[in-house]
Amino acid sequence: MTDGEAAASPPGHPEAAESRAGNVGAAPAGTPGPAKAAPVGTPEPAKAAPVGDPERGEPPVWVKSERQRRREAELRARGRRSTSIATASTIVVVVLLVVVITNSPGWPRVQETFFSPEAFAKALPDVLRGFLLNIKIFLIAEVCILALGLLVALVRGLRSPVFFPLRALAVLYTDIFRGIPVLLLIYLVGFGVPALELQGAPSDPVTLGTIALVLSYGAYVAEVFRAGIESVHPSQRAAARSLALSHGQTMRHVVLPQAVRNVIPPLLNDFTSLQKDTSLVTVLGPLEALRQASIHAQYDFNYTPHLIAALLFILLTVPMARFTDYVAARTRRRQTGGGTA
């Protein structure tokens, strides 16, 4: 039967079926056969239509499912309920504390001694001027502490035998200055260095107090840096050395960036403590915030100036503490791949 006769035959005719079978068998080798038609009545599988038209350059957009939307709504409702409960309980506790304190027998005397508006207005300019000196000491000491701590940590990490004297000196430094209280160290440096009468030795109390803070906190920060360096996995060093990087290049480009990122939260905690300890320099005589408050308190026999100094320190340390918490939470999210720790 010719092709024309096969085309003229009805679909159900046996000759037409034989002709179609013959044509399929006669196809050249390697030519795929025609796709088989699905049986009549078989439903086609449902296809998810992407949101966005690729032909127009629109990227596909992920659409939340109904279950996901319900879950997020439940979480938001739970969060609002928790916030409401926390706010209410906090208000109740604060009100109870205010009632108990203000109804205590000695409250009028405390209010007059620590919360005097006249003494507050009188001492505020001098205490604020002294607080600027505290900030200056803090900023200068912070930079020196970072440099000294990192240097000591790197020296303690040297493994060559020729550097043993430097390692021993670094260990001795951290052991001694971590063991001396900060206030005692300020006394020793502030009064001991001028007593030596060395040529070129500083005699300014602010400078001597800053040196004492640097020596004390440098020992703590050195251990923080050393812990961060040791927290980097040894495979990082091995990979760097396999790329022909020297020890210095490995520390600079591979180890230290990871170590510094890991120790940022504890470093911020140390600097929060440093900011408060700048007030200890007052024992050497500089007119910082605590010294100015003490002068006014001794003159008026009123301790409201000390409250001013405390508020100024709180205004500086609380934002730093919250920033520390934010950095620590961001570090945890990065380490967990964006999930919750």
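What to note about this one:
- Among the residues of segment 231-257, those that are part of a helix (DSSP H, G or I) and surrounded by 15 or more Cβ atoms within 10 Å (Cβ to Cβ) comprise Arg237, Ala240, His247, Thr250, Met251, Val254, Val255, Leu256.
- A single entry from Leu133, Leu183, Leu169 fulfils the requirement of being at pLDDT 90 or above, farther than 25 Å from Tyr303 by Cβ, within 35 Å of the chain's Cα centre (by Cα) and in a helix (DSSP H, G or I): Leu169.
- For Thr282, the conditions (1) touching a residue at least 40 places away in the same chain (Cβ under 8 Å); (2) buried (at least 18 other Cβ atoms within 10 Å of the Cβ) all hold with the exception of (1).
- Residue satisfying all of: in segment 119-147; among the aromatic types (Phe, Trp, Tyr) and under 19 Å from Ser273 (Cβ atoms); surrounded by the most Cβ atoms within 10 Å (Cβ to Cβ) among these: Phe131
- If the condition is being of a type in the set (A, V, I, L, M, F, W, C), touching a residue at least 60 places away in the same chain (Cβ under 8 Å) and either out of contact with any Ser or Thr (no Cβ under 6 Å at 6 or more places or on another chain) or in a loop (DSSP other than H, G, I, E, B) (or both), then segment 216-230 contributes Val221, Val224, Phe225, Ile229.
The values are calculated or read from the model by the stated rules, or taken from the named source; none is laboratory data. Predicted model, so just to flag it, every value in this text is computed and none were measured. Don't worry about glycine lacking a Cβ; one is built from the backbone with ideal geometry, like all the others, and counts go over all protein chains shown.
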